[in-house]
1. Give me the percent of DSSP beta bridges within the stretch 92-220 that run antiparallel, rounded to the nearest 5.
2. Which residue, PHE81, PHE176, PHE158, tops the fluctuation ranking in a GNM of the chain built on C-alpha contacts under 10 Å?
3. Separation of the stretch 31-61 and the stretch 147-203 by C-alpha centroid, Å?
4. Using a Gaussian network model of the chain whose springs link C-alpha atoms within less than 10 Å, name the residue from ALA119, ALA44, ALA55 with the highest mean-square fluctuation.
5. Which Rg and Dmax, in Å, describe the Cα atoms of the stretch 58-132?
6. For the chain, with a Gaussian network of springs between Cα atoms less than 10 Å apart, report the residue from VAL110, VAL169, VAL149 with the top mean-square fluctuation.
7. For the pair ASP70 and ALA200, what calculated FRET efficiency results from E = 1/(1 + (r/R0)^6), where r is the Cβ-Cβ distance and R0 = 41 Å, to the nearest 0.05?
8. Considering only lysines 8 or more places apart in sequence, or on different chains, count the pairs in the stretch 108-220 whose C-alpha atoms sit under 29 Å apart.
Amino acid sequence: MNMILLGPPGAGKGTQAQNIVRDYGLVQLSTGDMLRQSVASGSALGQQLKAVLDAGELVSDTIMIEMIADRIAQPDCKAGFILDGFPRTNEQAVALDALLDEKGLNLDHVIEMAVDDAALTERVTGRYTCAKCGAGYHDNFQKPQKDGVCDGCGGSEFTRRSDDNAETVANRLKEFHEKTAPIIHYYRQKGRLSQVDGMAAIEVVTAQISTILNGGGARV
Ligand code: ADP
Ligand code: ADP
Ligand code: ZN
């Protein structure tokens with residue numbers, strides 16, 4: 001099974017992708033994580049990417065399409081994958097269709113996570129991640145059971161993204177509405193789109209997604 005989680009920054013794509021990995025054994029392909037790894041490597045390309053990410057702009061389609069083509073070609077993707085953060089433009093969506101066609105792969109689900117803009121800034125600015133295992137948390141909405149200790153691995157070091165500040169988020173949201181929202185219509189027209197209420201509590205959203213993946217729920 002191959003699928004896309006589609007939604008604005010802070011919609012809950014990463015959070016739900018981690019649950020789908022746990023429940024369905026798919027591989028999570030987060031283009032944001034791939035880009036941040038490239039930044040962390042300190043390469044010349046990484047330095048250029050950091051400037052784009054911190055401005056809240058989109059990285060070029062050429063770079064992103066090549067990155068995802070390379071990743072999908074790796075053997076672990078045979079188990080099925082969740083695209084988290086890709087495609088983000090019409091050009092990327094068209095290129096993905098061509099890539100999947102060429103490889104004879106299906107796109108089984110495109111799930112839109114709908115969240116009001118007003119909720120997103122708080123979601124993003126309160127987000128943090130376990131430095132050891134990557135589990136996601138939130139200052140108000142998803143605290144670890146024991147303060148300062150990761151539920152998943154017991155780690156006590158956490159990181160925050162440099163682009164998760166109110167100013168950059170405003171630009172990321174603008175980019176989403178201008179360039180990414182149109183692809184919702186692209187998938188709706190193709191009859192492949194399902195929708196969940198991303199404003200609901202995390203476990204409610206997980207249940208809605210499970211219903212869709214298990215073959216229930218109407219296409220919108
Ligand atoms: P995305 O990957 O779409 O940018 P995340 O999954 O990282 O979003 O979620 C953003 C932040 O909001 C995280 O700190 C996460 O814990 C929190 N969060 C995710 N889903 C919900 C939800 N349904 N309700 C409240 N907070 C949520
Ligand atoms: P979020 O979790 O807030 O949705 P991501 O981690 O997916 O953010 O992406 C972080 C940043 O990485 C984006 O603001 C953008 O600069 C860049 N990026 C990630 N995926 C793509 C993509 N498919 N196309 C262009 N830029 C991307
Ligand atoms: Zn951890």
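1. 60 percent
2. Taking springs between Cα atoms under 10 Å, the residue moving most is PHE158.
3. Taking the Cα centre of the stretch 147-203 as reference, the centre of the stretch 31-61 is 17 Å away.
4. ALA44
5. 15.1, 41
6. VAL149
7. So, using R0 = 41 Å, E works out to roughly 0.70.
8. 5
The values are calculated or read from the model by the stated rules, or taken from the named source; none is laboratory data. Predicted model only: the values in this text are computed from it and were never measured. Note that each Cβ is placed from the backbone with ideal geometry, even for glycine, and that neighbours are counted across all protein chains shown. These area figures cover heavy atoms from the full protein model, side chains too; ligands, DNA and RNA do not enter into them. Shrake-Rupley method; radii C 1.70, N 1.55, O 1.52, S 1.80 Å.
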